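The values are calculated or read from the model by the stated rules, or taken from the named source; none is laboratory data. Just so it is clear, the structure is predicted and the values come from calculations on it, not from any experiment. So basically every Cβ, Gly included, is an ideal-geometry build from the backbone, and we count neighbours across all protein chains shown. Quick note on the areas: whole protein, heavy atoms, side chains included, nothing else; ligands and nucleic acids left out. Shrake-Rupley method; radii C 1.70, N 1.55, O 1.52, S 1.80 Å.
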Amino acid sequence: MTRFIIIRLIQAFVTLIVISMVIFALARASGDPVMLIAPPMATLEDIEAIRQHLGLDKSLPEQYWVFLQNITQGDLGQSIQNRQDVTTLIGTRLPNTVTLSLSAIFLGLIVSLILGVTAACKFGTWMDNAVKFVAILGQALPSFWLAIVAISVFAVLLGWLPTSGMGSPAHYVLPVLTLSFFMLPIFTRLLRSSMLEVLDSEYVKLARIKGLSERVVVWKHALRNAIIPLLTAAGITFATIVTGAVIIETVFAWPGLGRLMAEAMIRRDFPVIQATVMLVAVVVLFVNLLVDITYAYVDPRIRY
Amino acid sequence: MEKAKFGKKLIQIWKYSRRFPVIPIAIFCVLVFVAIFADVITPYPPNEMSLTERLTPPFFMPEGSTAHLLGTDNIGRDILSRMMFGARISLSVSLMVIAIATIIGTFLGMIAGYMRGRVDAVLMRVTDAALAFPALLIALLLGVALGPSFRTVVLALSALSWAPYARMMRGEVLKIRDEDFVAQARIIGSSQARILIKHIFPNVVNTLVVLMTMSVGLVILIEASLSFLGAGIPPPTPSWGSMVADGRNLFQRAWWISLFPSLAIGAVVLSGNFLGDWIRDKMDPRLRQL
């Protein structure tokens, strides 16, 4: 087990290095930073001075080394937009995204648990079909449009909830609901199929024969085993949530990381994008590492 | 009595459409037709502004007119014409992305499955990383680095969408690489390349076609999300996603600006998924668990 974890750690580290190289290369491809900083009246000497000041006169490997050093020291550069440190920018935005996405994941999990299990237990009935229909529709409808409709109906037309921004608990309702809808279809479909498989197994039949109530059989015996395959979906879910956060935060003007990225995109603010992508890459690798280790723990056949 | 008969008929139609999805195929035919002949059939040029006809509602509304069947946006551009040109963007982006993803994914996946060992391990780790990484982030990164353009969108979407193909192809090749006919080809002295292309590839083509159909909807959806965020194809080129974004703040007064393009996205993605399911059941029922 230790060996497995060490190998996985090394692999994750190598992946991280590769990603940082790609980002570094793109940073250099994005245009000459000197031209962005230098005032329009700058002479050739001025430009050369700025170039030296930024260390851009050094060779590419040297520049990459400086880039790595800065990252490890938590120095992610300054935003081109407002000269703020990217580290502080991310620091103020990150908690908002974490609270939003954790609540959405929590809600999405509970709802998809209920929907998935109900659909599997009532296999082939109208309830099953209704859940399948919602899941298929949820995968096809653009979620950003759903968010716009939700704002129009509940915030503007009925005036029950605030349209956008962050503050009171009421501000959470619409963003959390729409963000959870991103992951709902995947989870419900996965849970339904894995639940169907488990419900057909011998030990569930045994539990029934023992005379346990249907509620205990389904929610205790079957569900516990049906959830395990969902672990593999954790990586995909994380990717969906990140994508969702960027879109939902933009629509709801939520002051989180996703909106920061969307804004940086429009202003072509490379330092911000570079830092956030790097951050997400680290989290993605970490989540996958956790999933792999948990899986190896649950299923010993996976270990080396 | 009448009611029961009617219900039965509905179920019959439903069952028939499961066997042969008429509606999704029709929607796709319309999409392809509109995308190809957009220049000829659109009532107006997609970027023609008409400030006197701003925010005209669709024809079925009291103030609407048949001059603009689906109404106009806030600078008087015809929604229907823009949607028709948007179809061209959606279709061409998804065709190119799927073509690139298929070529790269099939190549890497087949190599990994055939070679096994270290090559396989390295390739699969890369594939895993690509599978877990949000495509939207790569698109934003490339959009900032290279500037938003048609090329950037295709590049960004292809950068990650090859991964499912590689994964699937590897699995398929692993299954058949030890079959007798492959061993026989090796014995008579076929080269590795010949074995892969002539003997293994024809056996995995079905799976490939299924995967390609199933990803049409997904690619269109991501392209729309990108355009919605302003990281897609830059304006004024009409794209369904950016049309929804345009109408975002006007949803109360002029819902038609964003409703019709989003319905188009939903309908096309939905039919793509249905078609994918149908082709899968026809060609490769083993994949049903997917």
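Structure summary
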| quantity | calculated |
| --- | --- |
| Helices (runs of 4 or more DSSP H) within the range A:204-304 that include 2 or more residues in contact with a Pro (Cβ under 6 Å, 6 or more places away or on another chain), facing chain B (nearest Cβ under 10 Å) and open to solvent by less than 50 Å² (accessible area, probe 1.4 Å) | A:233-252 |
| Residue list for the range B:142-199, filter: part of a loop (DSSP other than H, G, I, E, B), touching a helix residue (DSSP H, G or I) at 6+ places or on another chain (Cβ under 9 Å) and among the acidic types (Asp, Glu) | B:Glu179 |
| Of all residues in the range B:261-271 being open to solvent by less than 30 Å² (accessible area, probe 1.4 Å), more than 8 Å from every other protein chain (Cβ to nearest Cβ) and not β-branched (Val, Ile, Thr), the one that is nearest to B:Gly217 (Cα to Cα) | B:Ser271 |
| Matching option when the condition is part of a helix (DSSP H, G or I), open to solvent by 50 Å² or more (accessible area, probe 1.4 Å) and hydroxyl-bearing (Ser, Thr, Tyr), among A:Thr178, A:Thr99, A:Thr118 | A:Thr99 |
| Sole residue being part of a helix (DSSP H, G or I), under 17 Å from A:Thr243 (Cβ atoms) and not aliphatic (A, V, I, L, M), chosen from A:Phe133, A:Phe144 | A:Phe144 |
| Residues within the range B:59-97 that are assigned to a helix (DSSP H, G or I) and open to solvent by 10 Å² or more (accessible area, probe 1.4 Å), tallied | 10 |
| Of the criteria (1) over 30 Å from B:Leu263 (Cβ atoms); (2) modelled with pLDDT under 85; (3) buried (at least 24 other Cβ atoms within 10 Å of the Cβ), which one B:Asp128 fails | (3) |
| Complete set of residues in the range B:170-187 that are without any contact (Cβ under 8 Å) to a residue 12 or more places away in the chain and either touching an Asp or Glu at 6+ places or on another chain (Cβ under 7 Å) or not small (Gly, Ala, Ser) (or both) | B:Lys175, B:Asp178, B:Glu179, B:Asp180, B:Gln184, B:Arg186, B:Ile187 |
| Filter pass, B:Asp277 being among the acidic types (Asp, Glu) and either over 23 Å from B:Val97 (Cβ atoms) or away from chain A (no Cβ under 11 Å) (or both) | no |
| Every residue from the range A:69-91 that is open to solvent by 50 Å² or more (accessible area, probe 1.4 Å) and without any contact (Cβ under 8 Å) to a residue 12 or more places away in the chain | A:Gln69, A:Asn70, A:Thr72, A:Gln73, A:Asn82, A:Arg83, A:Gln84, A:Asp85, A:Thr88 |
| Number of positions in the range A:127-163 that are surrounded by fewer than 17 Cβ atoms within 10 Å (Cβ to Cβ), small (Gly, Ala, Ser) and at pLDDT below 80 | 1 |
| The range B:219-248, subset more than 9 Å from chain A (Cβ to nearest Cβ) and part of a helix (DSSP H, G or I), residue farthest from B:Arg88 (Cα to Cα) | B:Asp246 |
| Selection count, the range B:154-196, where residues are under 23 Å from B:Leu131 (Cβ atoms) and open to solvent by 60 Å² or more (accessible area, probe 1.4 Å) | 3 |
| Residue among A:Ser164, A:Ser103, A:Ser143 that alone is of a type in the set (Ser, Thr, Tyr), under 22 Å from the mean Cα position of the chain (by Cα), under 30 Å from B:Leu270 (Cβ atoms) and away from every other protein chain (no Cβ under 14 Å) | A:Ser103 |
| Any hit, the range B:108-127, residues being within 9 Å of another protein chain (Cβ to nearest Cβ), outside any helix (DSSP H, G or I) and not aromatic (Phe, Trp, Tyr) | no |
